[in-house]
Amino acid sequence: MKQFFKMTLATICGIAIFLVVTGFFLTVSLLGMVASDSASTKVQENSVFVIKLDGTINERAEKDSPVNQILNMGDMSEMGLDDLICAIRKAKDNEDIKGIYLEGGALAFDAPATAQQLRDALKEFKKSGKWIVAYADSYFQTSYYVASVADNIYLNDHGTIDFEGLGGKGEYMKGLYDKLGIKYMVAKVGKYKSYVERNTQTGMSEYDREQRSAYQNGIWNYWLKEMAESRKVKAEALNQLANDSIMAFADTKDYVKARLVDKVMFPEEIKAEIKKRLKLGKDDDINQLTLSEMLNVKSKKNDEGEKIAIYYAYGSIVDSEAMNMMDGGEHCIVGKTTAEDLRKLADDNDVKAVVFRVNSGGGSAVASEQIRHALKLLKAKKPLVVSMGGVAASGGYWISSPANYIFAEPTTITGSIGIFGLIPNFSGLVTDKLGITFDGVTTNKFSDYETDLILGKDTDEIMKHLQTYIDHGYQQFLDVVSEGRGMKPAEVDSIAQGRVWLASDALKIKLVDKLGSLDDAVKKAAELAKVKEYHTAAYPSEGSWLERFMSGEDKGSYLDSQLQKEYKALLGDFYEPLMEIRQTLKGGSRMQARMLDDVRMK
């Protein structure tokens, strides 16, 4: 018995010691991360800024806690466009950084204009006289577009380039729903409003084909022009390459012959090339800085002059955080929260003007109107300028319309002024296939209309009321655009109907005022506010991970995101439509100002 107690006590002591030691090392690691996060990076002489074109680039990167970073380190990285542009500017201004090395990989963008903005920042970097070199084992088409700005492009001796033009095929779920006994009922205004088609048709309508052809050809032609200029070839020649053969299957010699790359080489040879540019010896090390290190490089903080606020609004527009599950828990624009933030900015006397940065394909019409109303009140107190990012369409355009001035990137996707309501009818599944019936007592005819609707009872009459509601929403959309853009409602209607426009075309029909960057929007805001000396401040403030942890904002974030990833992996292509059904059943906004979110490109 004594031996048993000795062994038990020893085991307990061992576990306790293990937990104490583990806790100690975890604490030391976290403290080290905090210190590292707050310490500035010292740039050594003759350094290179390395940008890995790998992962996903969104409007802003979600700032994660060190614990989540450790637990989630196997995932593809996510980068923020704002961070990348900030780091590139620091590299341009730092005399110890001699050039940028772009390392190609599996890179995805949230929209074509995001790739364009990154490329523009690199193009601006070259004006300093410094060099850019790109190398990859293989280039995705969008990463090649970005890399084409480099002075020299190199490729692995057995590498490939995905160069095929833009386009793709989406899923149409009607055939599946027919087999399940589910039928979607639609109320909409806008012949180009194609969001509903994937649930109600087996293929693309001619109206949707028309608008997609227009904006995809516009983006492709813009890219061809940019790539041709950098590679010193004709745009027509590049386009012919994509037409004549599948370039991903080409021999590397063909890439060199077509001037897509300057030379094929192995990894050790690219290191020698970089050392040659830095005038280093064979055995010398290359001083490199990563994106996170570059962001920690101390820069001249400009607090002088008046404050111009930049408010970032990106992701789906939703009524509440709870309604964001259908988008996989990604960043969203919550109507009430954003409106409250904007009211605070309106009342902040230190803020002299606001630049509203929009990157959204829309969402809830109700939430969009909440935000637009708050922007209108803000505009009455100080200048308001909109800067459109990758997408500012449907609800994204609704919230952009009240601005004094609207800037858009040349490849921004905008417009889509239209409204719809989409409701599933489960009677074929629930009653016909499963044999479940419903009965009850109500005081009035439409007391339980939502249940009646999804079970196929009195659908014609209920949908008639819904269509009236949607018609009213569309008219309201026309009115807010008419008011914001100084156009007549009939004039807006002629370019609306749910049609998606490329910004370069939207400029001609007065949906935007000028093609330009976020910087251009800031300059315009300062001009309207009549201030010469100014600095910018980003909103909403992201804060440090420690501040968010102490406030409880990070609670469960890792588990939630992992759960969403498991759902997506399990359901695959069925994830979004099933989440859409779930959202509908949980009482989401019946009126949607949303465009089909399929502009993410690789």
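The values are calculated or read from the model by the stated rules, or taken from the named source; none is laboratory data. These figures come from a predicted structure and were not determined experimentally. Quick reminder, even Gly has a Cβ in these numbers, built from the backbone with ideal geometry, and neighbours come from all protein chains shown. Keep in mind that these areas ignore ligands, DNA and RNA; they rest on the heavy atoms of the full protein, side chains included. Shrake-Rupley method; radii C 1.70, N 1.55, O 1.52, S 1.80 Å.
Residues whose amide H falls under 5 Å from that of THR536, counting only those 5 or more places apart or on a different chain, are ILE308, with hydrogens built in the peptide plane. Karplus-derived 3J(HN,Hα) values for region 173-185, using 6.51 cos²θ - 1.76 cosθ + 1.60 with θ = phi - 60°, are 9, 4, x, 5, 4, 4, 5, 7, x, 10, 10, 8, 9 Hz; glycine and proline are entered as x. Accessible surface for MET204 stands near 60 Å², nearest 10, in the context of the full protein assembly shown (1.4 Å probe). Amide H contacts of GLU59: LEU81, each under 5 Å away and 5 or more positions distant or on a separate chain (H built 1.01 Å from N in the peptide plane; Pro and chain starts excluded).
The packing ranking, built from the mean of other Cβ atoms within 10 Å per residue, places the peptides 447-456, 155-164 in the order 155-164, 447-456, highest first. Evaluated over the Cα positions of region 388-469, the convex hull gives a direction-averaged projected area, one quarter of its surface, of 8.8 nm².
Once the convex hull of all Cα atoms in region 181-295 is built, its volume per residue stands at 266 Å³.
Largest accessible area first, the listed residues ILE470, ILE509 line up as ILE509, ILE470 when surface is computed with a 1.4 Å probe on the assembled protein chains.
Kindly work out what percent of the DSSP beta bridges joining two residues of region 78-180 are antiparallel, to the nearest 5. Show your work: numbers first, answer last.
Working: 0 of 11 bridges.
Within region 78-180, antiparallel bridges account for around 0 percent of the total.
Once C-alpha pairs closer than 8 Å and six or more residues apart are averaged by separation and normalised to the residue number of region 158-215, the relative contact order reads 35 percent. Residue ranges 264-274, 363-373, 49-59 sort as 363-373, 49-59, 264-274 when ordered by packing (mean number of other C-beta atoms within 10 Å per residue, highest first). Once backbone amide H atoms are built at 1.01 Å from N, LEU455 has PHE426 as its partners under 5 Å, excluding neighbours fewer than 5 places away on the same chain.
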